[in-house]
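Student: Please read through the structure below; I'll follow up with questions.
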Amino acid sequence: MKAFDFSDTSVCVSRSGIAPLLAAFGAYQARGERVIKRHLGVEDLHTGGDGLYPVPRFLEAIRELQEQFGPSFIHRMGVLVFEKSTFPPGLDSAAKVLASLDHAFHMNHPNARGKLGGYHWTSASDGRGSMVCDTPYPCSLDAGILEGVLAHFSTRASVSHDEAKPCRAKGGESCTYLVEW
């Protein structure tokens, strides 16, 4: 699906899915939180309600932040998301984490299965593979998330956009990343 192109307000992102993005803002957290709260129509992201927010509203906040700070800032947020996220025990390798990203994505978007796209990992060999992302989030965020995962396990890791495939930043329905570590 195209970046930011999602209108089903019944599909939600959880508070726990937003928290790592906020933490990744670092010194700009208060500013990022203001933008996100305004788009979600809440006064406090940390308490109250069921902790579920409509994805289209959250996407509008991400779009505004990308317009204010640029794709490189959103990319940096993605890099830090892995560092700020909680993953279950046993995910002790890049291959295991990459294979579990779709599951983690849907845990943070509890009613989105079949509606919001996902992360589709294909292992090509030991230390190599490709990830197809077809969520409505910007490719700068996804590339950053992948780089953050790999940086945790290897200093020689690389993530590159497969230029022969579509790109959501250019109106495509998905992005394909070639991953190596």
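Bear in mind these aren't lab numbers, they're just calculated from the coordinates by the rules spelled out. In this text the structure is predicted, and so the values were computed from the model without any measurement. Using ideal geometry, Cβ is built from the backbone for each residue, glycine included, and neighbour counts are taken over all protein chains shown.
Student: If amide hydrogens are placed 1.01 Å from N in the peptide plane, which non-local residues have theirs closer than 5 Å to the one on Gly172?
Tutor: Cys167
Student: May I ask for the net charge around Ser158, where only other residues with Cβ less than 13 Å from the Cβ of Ser158 are counted and Lys, Arg are +1 while Asp, Glu are -1?
Tutor: Net local charge, Ser158 excluded: -1.
Student: With runs of 4+ DSSP H residues as the only contributors, calculate the mean residue ellipticity of the chain at 222 nm using -39,500 (n - 2.57) per run, divided by the residue total and rounded to the nearest 500.
Tutor: Counting only the DSSP helices, I get -14000 deg cm²/dmol.
Student: Which longest uninterrupted range of the chain lacks any GluC sites (Glu not before Pro) assigned by DSSP to a loop state (not H, G, I, E or B) and surrounded by at most 16 other Cβ atoms within 10 Å?
Tutor: On the way: sites that count: Glu43, Glu163, Glu173.
Formally, the longest exposed-site-free interval is 44-162.
Student: So which cysteines of the chain have no other cysteine's Cβ under 4.7 Å from theirs?
Tutor: When partners are defined as cysteine Cβ atoms under 4.7 Å apart, the chain leaves Cys12, Cys133, Cys167 without one.
Student: Right, here's the next one. Report the percentage of all Cα-Cα pairs in region 1-145 whose separation exceeds 20 Å, rounded to a whole percent. Could the numbers behind the result be given before it?
Tutor: Numbers: 4799 of 10440 pairs.
In whole percent, the long-distance tail amounts to 46.
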